[in-house]
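Undergrad: Here's a structure for you.
The values are calculated or read from the model by the stated rules, or taken from the named source; none is laboratory data. What you see is a predicted model; the values in this text were computed from it and never measured. FYI the Cβ positions are ideal-geometry reconstructions off the backbone, even for glycines, and counts take in every protein chain you see. Side chains included, ligands, DNA and RNA excluded: accessible areas come from the protein's heavy atoms. Shrake-Rupley method; radii C 1.70, N 1.55, O 1.52, S 1.80 Å.
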Amino acid sequence: MDEKGVSPVIGVILMVAATIVVAAVVMGMLGSFGPPKKTYSVAVSASKTPEGNVTVTFIGGPDASFVKTLKANITDVSYPDHNETITLTKTGSTNTTKTYTYSNLTHVVVTAEFKDGTRQVVLDTYV
């Protein structure tokens, strides 16, 4: 009857140590995540003429001054190998593609690169 178990004080110390180890592991895994990146607000539109030429227009927006470059990738859905990438210049400019006459459905994706080095898709549409 003289056998004794682990004292309650040592049990509590072990539980606190285990909690600290788990917290350190979780913080180590989450430490690689940075704060969320800014989502910029800029406006771009795309339209198609009856002849099949696609016009992509950079309209501007509240964050237009942060835009470094804009690239538009235009793909003919019926002929995926008929695609092209054009670079748009800054506010108010338009570029019209004339390389292909596009089918009834054309996929236009415009990606903006901003001055802080981030990239963001600002238009993903079918015309």
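Undergrad: When you scan segment 41-66, how many residues do you find that are assigned to a helix (DSSP H, G or I) and either open to solvent by 20 Å² or more (accessible area, probe 1.4 Å) or basic (K, R) (or both)?
TA: Looking only at that region, the number is 2.
Undergrad: Of (1) assigned to a loop (DSSP other than H, G, I, E, B); (2) at pLDDT 80 or above; (3) loosely packed, with under 10 Cβ neighbours inside 10 Å, M27 satisfies all except one. Which?
TA: (1)
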